[in-house]
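Please read the structure below before turning to the comments.
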Amino acid sequence: MGHYDQIVIGVCALDKKTKSKAMANILGRLQAYGEFQINIFGSDCILNKEAHEWPRCDVLISFHSGEFPLQKSIEYAKLRKPICVNDIPSQHVILNRRKVYETLVANDIPCPRHFFYDHENPGDSKLEEFQDYLIINGQRLNKPFVEKPISGEDHNVYIYYRSEDGGGSRRLFRKVMDRSSQKYPNISSIRHFGSYLYEEFIP
């Protein structure tokens, strides 16, 4: 068998992601082929060094989380021109639920009926809240519906239920121990601060 150089895969993500069980499993499978050299940049390098100081690689896997400097990752990809496994600039879209849904609609990808509303800067938009539904810019959205923060990094998603189903709401959040949601039977009113996406609840 002839000699060949291993393909260097750069993994550009913060330690919390690269040290997860899921990532370890993926990287372990890649290394098992013997054709790839895995180079994990690490949080210290990513956060404290300039893009031109990051290690070189042939293939780049890069994804945002927390305080990850996405723009620096974009600069690195432009500078070193590795093969990018994922579209790094498009991760800006993922961080904004409004942009995600606008992208889905623009590409004729089915998604739930939905509305956007900024409670702090409503402009010409109007929202009225009733016991079992909302009226947003003249259109009615019945409960149950889902209320999602526009920020893709905010995982505090609420579901509101009809009074005939017991009313109240359920709050979803990042998993803590064995829980990822909590029911609030006496809280049926939406949040009136911040910017949200309201959509039909699909069981």
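Nothing in this text is a laboratory measurement; each read-out follows from the coordinates by a stated rule. Since the structure is predicted, the reported quantities are computational estimates derived from the model, not experimental observations. Here the Cβ positions follow ideal geometry from the backbone for every residue, glycine too, while neighbour counts run over all protein chains shown.
Which of 143/183; 81/148; 99/183; 21/143; 16/143 have a Cα-Cα distance over 26 Å?
Working: 143/183 16 Å; 81/148 36 Å; 99/183 29 Å; 21/143 38 Å; 16/143 37 Å.
Exceeds cut-off: 81/148; 99/183; 21/143; 16/143.
For the chain, the mean residue ellipticity at 222 nm estimated from helices alone is -6000 deg cm²/dmol, where every DSSP H run of n ≥ 4 contributes -39500 (n - 2.57) and the total is divided by all residues, rounded to the nearest 500.
Close amide H pairs (under 5 Å, H built 1.01 Å from N) link residue 194 with 119, 120, residues at least 5 positions away or on another chain.
Here the ratio of the Cα radius of gyration of the stretch 147-203 to 2.2 N^0.38 Å is 1.14. Over all other residues within a Cβ to Cβ distance under 10 Å of residue 184, the charged ones net out to +3, with Lys and Arg as +1 and Asp and Glu as -1. Karplus-derived 3J(HN,Hα) values for the stretch 188-203, using 6.51 cos²θ - 1.76 cosθ + 1.60 with θ = phi - 60°, are 10, 8, 5, 6, 10, 9, x, 10, 9, 9, 10, 9, 4, 7, 10, x Hz; glycine and proline are entered as x.
For the stretch 1-98, trypsin sites (Lys or Arg not before Pro) are listed when DSSP marks them as loop and at most 15 other Cβ atoms sit within 10 Å of their Cβ; the list is 19, 49, 56. For the stretch 67-119, the extents of the C-alpha atoms along the principal axes are 42, 28, 13 Å, listed from largest to smallest. Over the stretch 7-93, the pair-distance histogram of Cα-Cα distances with 5 Å bins from zero comes to 3, 15, 28, 27, 18, 8, 1, 0 percent, rounded to whole numbers. Using all pairs of distinct alpha-carbon atoms, the Kirkwood hydrodynamic radius of the stretch 96-200 works out to 14.5 angstrom. Rg/Rh, computed from the Cα trace of the chain with Rh as the Kirkwood radius, has the value 1.09. Helix 97-106 and the longest principal axis of the Cα set of the chain meet at an angle near 90°. Restricting the stretch 136-178 to chymotrypsin sites (Phe, Trp or Tyr not before Pro) that sit in a DSSP loop and have at most 14 other Cβ atoms within 10 Å of their own Cβ leaves nothing.
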